[in-house]
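Comments concern the structure below.
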Amino acid sequence: MDIDKTKPYPQINSLECKSCGRCVDACPKKCLEIGTVLNERGFKAVVYKGEGCVGCATCFYSCPEPNAIQIHIPQRG
């Protein structure tokens, strides 16, 4: 999947994701979903659907795992 890097998007560290689904439930644009592939720790990590992120960071703030989600916000200029 190619992500448009001129727009905001979540960067998900699949190894740190514990598949709790809090970010999926919190996302107002519903652009996250639980993936289908198990990570090295046996969890199905969350994945970005590829579009729709507005950079609100609600997923970041709802995630209990440090370093599992970061939000890429492109620089204007």
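The values are calculated or read from the model by the stated rules, or taken from the named source; none is laboratory data. Owing to the predicted nature of the structure, the values given are computational and were not obtained by experimental measurement. Here the Cβ positions follow ideal geometry from the backbone for every residue, glycine too, while neighbour counts run over all protein chains shown. Each accessible area value is taken on the protein alone, full model and side chains, heavy atoms only, with ligands, DNA and RNA left out. Shrake-Rupley method; radii C 1.70, N 1.55, O 1.52, S 1.80 Å.
Some notes on this structure:
- Put simply, the amide H of VAL46, placed in the peptide plane, has neighbours under 5 Å in SER19, GLY35, leaving out anything fewer than 5 places away on its chain.
- Rounded, prolate or oblate (a/c below 1.5 giving rounded, otherwise prolate when a/b exceeds b/c) for the chain by Cα gyration tensor: prolate
- Whole-number percent relative contact order across the range 1-55, with pairs defined as alpha carbons under 8 Å at least 6 apart: 43 percent
- Taking the 1.4 Å solvent-accessible surface of the range 7-77 as the whole, the part contributed by carbon and sulfur is 49%.
- Applying a 4.7 Å Cβ-Cβ cutoff to the chain, the cysteines left without a disulfide-compatible partner are CYS17, CYS20, CYS27, CYS31, CYS53, CYS56, CYS63.
- Extension gain, VAL54 back to ARG41 (0.36 nm per residue minus Cα-Cα distance, nm): 1.7 nm
- Full-extension gain in nm, GLU65 to LYS7, via 0.36 nm per residue minus C-alpha separation: 18.4 nm
- Solvent exposure of the chain as accessible area per residue, Å², 1.4 Å probe: 68 Å²
- For the range 52-64, Karplus couplings with θ = phi - 60° (6.51, -1.76, 1.60), whole Hz, Gly/Pro x: x, 5, 10, x, 6, 6, 4, 4, 4, 6, 8, 7, x
- Near-label residues of the range 53-71 by backbone N, under 18 Å of a point 7 Å along Cα→Cβ of LYS29: 53-63, 69-71
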